[in-house]
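Read through the structure below, which is laid out as structure tokens, and then see the notes.
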Amino acid sequence: AALKDGLRSQVSAALKEGRVTPTELCQRCLALIKSTKFLNAYITVAEETALKQAEESEERYKRGQPVGILDGIPIAVKDNFNTAGIETTCASNMLKGYISPYNATVVQKLLDQGAVLLGKTNLDEFAMGSGSTDGVFGPVRNPWSYSKQYKEKSVPKSHSEDSESNWVITGGSSGGSAAAVSSFTCFAALGSDTGGSTRNPAAHCGVVGLKPTYGLISRHGLIPLVNSMDVPGILTRCVDDAAVLLGSLAGHDPKDSTTIQDDFKPFELPNLTDVSKLSIGIPKEYHVPGLSSEILALWSKAADLFKNAGAKVVEVSLPHTRYSIVCYHVLCTAEVASNMARFDGLEYGHRSDMKDSTESMYAATRREGFNDVVRGRILSGNYFLLKQNYEKYFVKAQKVRRLIANDFVKVFRSGVDILLTPTTLSDAAPYTEFIQEDNRTRSAQDDILTQAANMAGLPAITVPTALSERGLPVGLQFIGRSFQEKQLLTVAKWFEKQVQFPVIQLEEVKRHDNSVFQHQKSASFS
Amino acid sequence: LAPWVPVVGLEIHAQISSNSKLFSGSQVQFAAPPNSLVSFFDASLPGTLPVLNRRCVEAAVMTGLALNCSINKKSLFDRKHYFYADLPAGYQITQQRVPIAVNGSLSYSLCIDNKMSQMVTKTVRIKQIQLEQDSGKSLHDDTRSQTLVDLNRAGVGLMEVVMEPDMCCGEEAAAAVRELQLILQTLGSSQAVMAEGQLRVDANVSVHHPGEPYGVRTEVKNINSIRFLAKAVDYEIQRQIEELENGGTILNETRAFDSKLGCTVPMRDKEGKQDYRFMPEPNLPPLILYDAKSLPANMNHQQVINIDWIHERLPDLPSVKREKLVEQYGILPEHSFTLLNEDGLAEFFESVVKQTQMKPKKVIGWILKDLLSYLKQHSLTVKESPVSSFLLADLLNLLEKKEISSTAAKQVLAELWKGEGKTPLEIVKEQKLELLQDQKELEQICQAVIDGQENEVIMMVLG
């Protein structure tokens, strides 16, 4: 419990004081990545460049001129962000071997701050999925599958069964990033969030997952799923760290016309003690069928926590919640069909050997390059965009989207500051169970609590709350007003402090435990 | 046989004259080495986003104002999807729902019966002007069974100007396009040179009997000059009439103009109707334009476009220039058309007028008949004329002062044309073309002639 608490002495301070060097930190992380390879969290480990960045950081520290808090801090980036010189695959055959010539704006910002880029993390192909199980490099394993906490609680169904077959998913689609942060191989990771893809795996992996307001952080260089909903997501081990990352990434980018023009001022989170002026809304529609009784109980407990601390806790209604899945599927598949049209094998990426004609080359390339999930969404999307269907589906869905967004506007206007909801329906499912249903079914089920925030463009954060009966993490979600990240994170930080979520106890991590590693075990770097 | 009413509409794509492309910073340049002007966005590299070029918007606003359009203060961008080798993203960004300008008009003039003496003014309605991306170029190499793709042009800004089917024949279409070309060149919003692909015209043609609904229309593409435009349209009208009169039907198809054969042929590429699956472009917010009234006080004027500001700074359009020429110099309207039709000719004319005492009404004849025909004969532009305005003015002054005759002047001009650097006066002296002013000398010559022709004189006196 003490590790997480008010840790301002942690890696940044340690680096500044020379108690640990960036190179040592980097090497530790790289070694841990190697010994946790079975998690399959990383697609590419950029060992050489990372060490070089660490050396340069070390030079700066020696001169007493670190760039900032992030200087020398090892970071991982989801493999749908462009990284110059380092392969960017989106976990797809279409982009296997693709080396981008430019850095995504968020990647560039991190590098400019001196962060050390360890590698690219695994995901569902092109970020389509809620399990991180449908990429060409295989599924990501939830580090908690190997935790003492889970092993103690899980009852093997037979003698032969062990964690090999019992492992649980990370959730998705930013599962690799969540696993990387959760297993201490990096201090923070970038994910993306279109329908919950940062928050879902964050909740399942027991880390903080922040979805910023749409338009706050640049999407330039993030390979898009749904342009009108995508945001870069932030995964960290504590809320303070998320605030630091947010501060270094947010702000107008002339290369992204959907970022707001207003100046963004990075902030430090105050230590909230008095919540009596807060009004917490509990949307009744989020009590969905399929929500586990465990999580329902935790949600209720959390509401009581706020009430007992003096906050106003009210039940609110977001009446159009039940239409959001269908609406999301129409809009998402339509944009996917459009965004994927550029993958034709002509300019970059996989190109089929089929040479009979341009059309046949395109068709073969796309069949070979995309998995079933991607192709399924493209076909659906094209159907909805057909002239005869456009009004019925796409325009209708846009209208429903507006209604969903208005639900939030009304509730926030009525005096509610923050909404409190569950993040996921249950704790992480075992892989063998998860794959019983197809991607579409799972996505429809798993997105229900998270994607309305994407529809409305609102900021949302999942905070690890408690362990389930099976010893797996459960997170709860806070949804805030547009561009009010400071308030959102302040409340989240207060909650984090109250719940004192336990640190994962991993064998592999323990093996690397030494005085240097003490810093790594600490939850935060800020 | 019942008369046929041909109906002609036009879709014109004008390349915007700008340093960089519509949504990216790569350069716009004609005939650069293949794939040397391609940004990451133009190549559709994943993760790249469009950023709107201000200059392109200004060009479209200028053009809209010059064509009497309403400028939409809010317009939107859309994606038009189709697969083609020269379209890297698999879609073109265009303005399908709400374009930047609508409901304008263009007035143009025609000579009746090919005589320059009678001009009639016609108007064609402008349906809309929309901003959109140009595609790259693909060259089919059939011998090696390959397609070569050059993306230099991909993403260059275009203004698509849609002219309603108010025209009735090739001549009208050609005249309308010519006027549009002059307007664009005057504004500077497009250089509009058809030979360089900066102005592309597609014609929509149909025929019907009066009182009946419009017939099925065909689209005619691959028209490379204004002259070919007239030919293509007239051919297609004829073809449709013949087809219908023979009991056939017209297919709603796209046809290409074959300039060698002077006919239109079906284009195999464009078979079947395409569903472009239009969708709003999610990466570009609505384009908001302001005018003096709607401009917020604290808005940084670098960030916005003020329609009124642009309106105030529009140059004189060709129609205004022509009126001014007629008014100022007393020349005929058809003269003013010819002056503006030839690049630099109006300026040349005005320059000569300034430097000579000869009345503009007389100068114009020398410009339009003598100078212009020389230029045409030798395929020269006004700028390339070996006879400068100074030299011509000099010559006209001699004529005006009656130092030479009109016939002599033409001879001098022919000599000047050789560009040997001689002044008119030098040539006059060389060729002894001076008019005799001395009365006594004239009488002596006349007497000598009469003396030498006694018989003819007697015949003449007698009757």
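Taking only Cα atoms, what is the 0 to 90° angle, nearest 10, from helix B:54-66's long axis to the longest principal axis of chain B?
60
At 0.36 nm per residue, and after removing the present C-alpha to C-alpha distance, how many nm does the segment from B:SER406 to B:SER373 gain when stretched out fully?
10.2 nm
Evaluate the relative contact order of chain A (contact order divided by residue number), counting alpha-carbon pairs under 8 angstrom at least 6 apart; express in whole percent.
It rounds to 20 percent for chain A.
Can you order the peptides B:168-176, A:329-337 by their average number of other Cβ atoms within 10 Å per residue, highest first?
A:329-337, B:168-176
For chain B, what is the mean residue ellipticity at 222 nm derived from helices alone (per DSSP H run of n ≥ 4: -39500 (n - 2.57); sum divided by total residues; nearest 500 deg cm²/dmol)?
Per the formula, -10000 deg cm²/dmol.
Please compare each pair in A:LYS120/A:LYS151; A:LYS78/A:LYS392; A:LYS284/A:LYS486; A:LYS37/A:LYS211; B:LYS369/B:LYS422; A:LYS151/A:LYS284 to a cut-off of 31 Å on the Cα-Cα distance and tell me which ones are over it.
A:LYS78/A:LYS392; A:LYS151/A:LYS284
At R0 = 45 Å, how high is the FRET efficiency between B:VAL193 and B:ASP438 if r is their beta carbon distance? Nearest 0.05 is fine.
Result of the calculation: an efficiency of 0.20.
Determine ³J(HN,Hα), in whole Hz, for all residues of the stretch A:97-102 in sequence, where each value follows from phi through the Karplus function 6.51 cos²θ - 1.76 cosθ + 1.60 and θ = phi - 60°; x replaces Gly and Pro.
x, 6, 10, 6, x, 9
Could you tally the net charge around A:TYR61, taking each other residue with its Cβ under 14 Å from the Cβ of A:TYR61, Lys/Arg +1 and Asp/Glu -1?
-2
Using the Karplus curve 6.51 cos²θ - 1.76 cosθ + 1.60 with θ = phi - 60°, what ³J(HN,Hα) values do you get for each residue of the stretch B:281-292, in whole Hz, with x for Gly and Pro?
Going residue by residue, I get 6, x, 8, 10, x, x, 7, 10, 10, 10, 10, 4 Hz, with x marking Gly and Pro.
Quickly rank A:140-153, B:322-335 as a protection proxy: mean count of other C-beta atoms within 10 Å, highest first.
A:140-153, B:322-335
Calculate, in whole percent, how much of the Cα-Cα pair population of the protein assembly as shown lies beyond 36 Å.
It works out to 61 percent of all Cα pairs.
Cα atoms only: what Rg and Dmax, in Å, come out for the stretch A:312-433?
Considering the stretch A:312-433 through its Cα atoms, Rg and Dmax are 20.3, 68 Å.
Sort B:HIS301, B:HIS208, A:HIS204, A:HIS252 by Cβ crowding within 10 Å, fewest neighbours at the top. Please list the in-between numbers first.
Values: B:HIS301 10, B:HIS208 18, A:HIS204 36, A:HIS252 15.
With the fewest neighbours first, B:HIS301, B:HIS208, A:HIS204, A:HIS252 line up as B:HIS301, A:HIS252, B:HIS208, A:HIS204.
Report the one residue of B:GLY170, A:SER360, A:LEU419 whose Cα lies farthest in the direction of the positive end of the charge dipole of the protein assembly as shown (charges on C-beta: Lys and Arg +1, Asp and Glu -1; origin at the Cα centre).
Going by the charge dipole, the pick is A:LEU419.
Inside 10 Å of the C-beta atoms of A:341-350, what's the mean count of C-beta atoms belonging to other chains?
Working: counts 11, 10, 3, 8, 0, 10, 10, 5, 2, 0.
Mean partner shielding for this stretch: 6.
How far is helix B:170-187 tilted, in degrees, relative to the longest principal axis of the Cα atoms in chain B, given as a value from 0 to 90 rounded to the nearest 10?
Tilt of helix B:170-187: around 90 degrees.
Evaluate the charge dipole of the protein assembly as shown about its Cα centre and quote only its size in Debye, nearest 20, assuming +1 on the Cβ of each Lys and Arg and -1 on the Cβ of each Asp and Glu.
Computed charge dipole of the protein assembly as shown: roughly 3140 debye.
Give me the extension gain from B:GLN357 to B:GLU327: residue separation times 0.36 nm, minus the current Cα-Cα distance, reported in nm with one decimal.
Values: separation 30, 0.36 × 30 = 10.80 nm, distance 1.83 nm.
Answer, rounded to one decimal: 9.0 nm.
Evaluate chain B: find the radius of gyration of its Cα atoms, find its Kirkwood radius, and give the ratio Rg to Rh.
Rg/Rh for chain B comes to 1.10.
Hey, can you grab everything whose amide H is under 5 Å from the amide H of A:LYS96? Only 5+ residues off in sequence or another chain; H modelled, so Pro and N-termini drop out.
Excluding prolines and chain starts, which carry no amide H, the hits are A:HIS350.
For the stretch B:5-290, please report how many Lys pairs fall under 21 Å Cα to Cα, leaving out neighbours fewer than 8 apart on the same chain.
19
To make sure I understand the rule: partners must be aspartates and glutamates, Cα under 16 Å from the Cα of B:LYS321, and not fewer than 8 residues away in the same chain. Which ones qualify?
List returned: B:GLU179, B:GLU334, B:GLU342, B:ASP343, B:GLU347, B:GLU350.
Toward the positive end of the charge dipole of the stretch B:5-290, about the Cα centre and with charges on Cβ (Lys, Arg +1; Asp, Glu -1), which of B:TYR290, B:LEU65, B:HIS208 goes farthest?
B:TYR290
Which of the pairs A:LYS52/A:LYS497; A:LYS265/A:LYS410; A:LYS265/A:LYS399 have their Cα atoms more than 32 Å apart in this structure?
Numbers: A:LYS52/A:LYS497 37 Å; A:LYS265/A:LYS410 27 Å; A:LYS265/A:LYS399 34 Å.
As for pairs spanning more than 32 Å Cα to Cα, those are A:LYS52/A:LYS497; A:LYS265/A:LYS399.
Just going by the charge dipole of the protein assembly as shown, with Lys and Arg at +1 and Asp and Glu at -1 on Cβ, which of A:ALA428, B:ALA393, A:GLY247 is farthest out on the positive end?
A:ALA428
In a Debye calculation with equal point scatterers on the alpha-carbon sites of the stretch B:214-307 and no solvent, what is log10 I(q)/I(0) at q = 0.12, 0.13, 0.17, 0.21 Å⁻¹?
For the stretch B:214-307, the Cα-only Debye profile gives -0.63, -0.66, -0.79, -1.03.
Could you compute the net charge surrounding B:GLN444? Neighbours are other residues with a C-beta less than 12 Å from the C-beta of B:GLN444; K and R count +1, D and E count -1.
Charge balance in the 12 Å sphere: -3.
How much length is gained on full extension from B:ARG97 to B:MET460, taking 0.36 nm per residue of separation minus their Cα-Cα distance?
Fully extending the segment from B:ARG97 to B:MET460 adds 122.2 nm.
What's the ranking of B:64-72, A:236-244, A:52-60 by average number of surrounding C-beta atoms within 10 Å, highest first?
Descending mean neighbour count gives A:236-244, B:64-72, A:52-60.
Which distance in Å, rounded to a whole number, links the C-alpha centroids of the stretch B:334-356 and the stretch B:421-442?
The two parts, judged by their Cα centres, are 28 Å apart.
Helix B:318-329: angle to the longest alpha-carbon principal axis of chain B, degrees 0 to 90, nearest 10?
20
Please give the Cα centre distance for the stretch B:402-417 versus the stretch A:257-306, rounded to the nearest Å.
94
Averaged over its residues, how many other protein chain Cβ atoms are within 10 Å of peptide A:252-258's Cβ atoms?
Details: counts 0, 2, 1, 7, 4, 9, 5.
So the per-residue partner count for this stretch is 4.
How high is the relative contact order of the stretch B:318-431, in percent, with contacts defined as C-alpha pairs under 8 Å that are six or more residues apart?
Averaging sequence separation for qualifying contacts and normalising by length gives 21 percent for the stretch B:318-431.
Sorting B:MET267, B:MET163, B:MET299 on the 10 Å Cβ count, fewest up front, what's the list?
B:MET299, B:MET267, B:MET163
Hey, fewest Cβ within 10 Å first, where do A:VAL106, A:VAL45 land in order? Let's see the in-between values first.
Details: A:VAL106 26, A:VAL45 19.
Ascending Cβ contact count within 10 Å gives the list A:VAL45, A:VAL106.
What is the mean number of Cβ atoms from other protein chains located within 10 Å of the Cβ atom of each residue in peptide A:78-89, rounded to a whole number?
Mean partner shielding for this stretch: 1.
For the stretch A:11-28, take each phi angle, set θ = phi - 60°, evaluate the Karplus expression 6.51 cos²θ - 1.76 cosθ + 1.60, and give the result in whole Hz per residue in order, putting x for glycine and proline.
These are the phi-based 3J(HN,Hα) values: 4, 4, 5, 4, 5, 4, 7, x, 6, 9, 9, x, 5, 4, 4, 4, 5, 4 Hz.
If you bin the C-alpha pair distances of the stretch B:359-463 every 10 Å from 0, what whole percents do you get?
The distribution over the stretch B:359-463 is 13, 36, 23, 16, 11, 1, given as percents.
Only the coordinates and a few stated rules stand behind these numbers; no lab work does. Just so it is clear, the structure is predicted and the values come from calculations on it, not from any experiment. Glycine gets a Cβ as well: all are built from the backbone with ideal geometry, and neighbour counts include every protein chain shown.
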